[in-house]
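The structure appears below as structure tokens.
The values are calculated or read from the model by the stated rules, or taken from the named source; none is laboratory data. Bear in mind the structure is a predicted one, so any value in this text is a computation, not a measurement. Positions of Cβ are generated from backbone atoms using ideal geometry, with glycine treated the same way; all protein chains shown enter the neighbour counts.
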Amino acid sequence: MSVINKCLFPVAGYGTRFLPATKAIPKEMLPILTKPLIQYGVEEAISAGMTIMAMVTSKYKQAIKNHFEPHADIEANIKGIAKASLLDEVNHISEQCEFTYIEQQQMLGLGHAIFTGKPLIGNEPFAVILPDDLCTNSGNSVLTQMTKLYVQHPDCCIVAIEEVPMTQVDKYGMIDGELLNGSNNAYRVNSMVEKPSPKDAPTNLAIIGRYILTPEIFDVLEGTKPDKNGEIQITDALMTLAEQGRVIAYKFQGERYDCGSVKGFVEAINAFAKAEGVI
């Protein structure tokens, strides 16, 4: 069993940047080739040894639950023919892990979504994957890399980071920190700023949608005040722990596609299609 057993997926958002497609289809179910974004995220969590997928969802996201459950009619229809293998991948996922669900009643920021998942997590460390951020690499998955680092620093939260152009820092939580002794890709975080202007950004190191959080985060989130937009930001909560030296930022190995934007979504499709020889 992995040192971290649960992975939380905040998937209640409306996906308004992809309207009208997301009026009836959850954005997490939009496919990169033939596989939806949410499945890539679950597969990454499984690769890191996690066996419980905790979904913070909404009443409009039933399709996510349906995707990971058996579909007797389709299975009967394709039984014994070549297409049967196409379902094996997702059915195998259901054999490897358990899915739990809770509804987020209001969309009040990522911090609020994570806090909503507390009943599914309990008092143990856990991972968070934002399926919008599709990560690929030829070696260990991003979450596997982060889990290995967490084993060395079990009292710390771990956030994944990458360098972004200064013109894009206002789209991310940005960090500043100092390299850990003997490391060239892990930083002890000193400060974090949510979506700063380029002139206010401490660095160009941006937090992406992969986290490992200690259970103390729930107490911190409960006491975190909403921002000017009325949202509870995970960055603000993590800053409280960073002041105690308990947040590490990890520059991961691999490539990220921002599938929360139409541009990044199309880039991911093109990259995957080329890799699969489709185009």
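Observations on the structure shown:
- Hits in segment 253-270 (condition: of a type in the set (Phe, Trp, Tyr) and either surrounded by 23 or more Cβ atoms within 10 Å (Cβ to Cβ) or assigned to a strand (DSSP E or B) (or both)): Tyr257
- Residues located in segment 65-109, provided they are over 21 Å from the mean Cα position of the chain (by Cα), on the phi > 0 side of the Ramachandran plot and modelled with pLDDT of 85 or more: none
- Those residues of segment 230-252 which are in contact (Cβ under 8 Å) with a residue 40 or more places away in the chain and either surrounded by fewer than 14 Cβ atoms within 10 Å (Cβ to Cβ) or at positive phi (or both), in sequence order: Gly230, Gly245
- Test: residue in segment 70-88 that is surrounded by 14 or more Cβ atoms within 10 Å (Cβ to Cβ), closer than 28 Å to Thr16 by Cβ and not acidic (Asp, Glu): no
- When Met55 is tested against the conditions (1) in a helix (DSSP H, G or I); (2) under 17 Å from the mean Cα position of the chain (by Cα); (3) of a type outside the set (Gly, Ala, Ser), the lone failure is (1).
For every residue, the table says whether it meets (1) of a type in the set (Ser, Thr, Tyr); (2) part of a helix (DSSP H, G or I).
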residue	(1), (2)
Ile25	no, no
Gln39	no, yes
Glu44	no, yes
Met50	no, no
Lys59	no, no
Asn66	no, yes
Ile81	no, no
Thr100	yes, no
Phe115	no, yes
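- Residue identified as among the basic types (Lys, Arg), more than 19 Å from Gly173 (Cβ to Cβ) and surrounded by fewer than 18 Cβ atoms within 10 Å (Cβ to Cβ) among Lys274, Lys195, Lys225: Lys274
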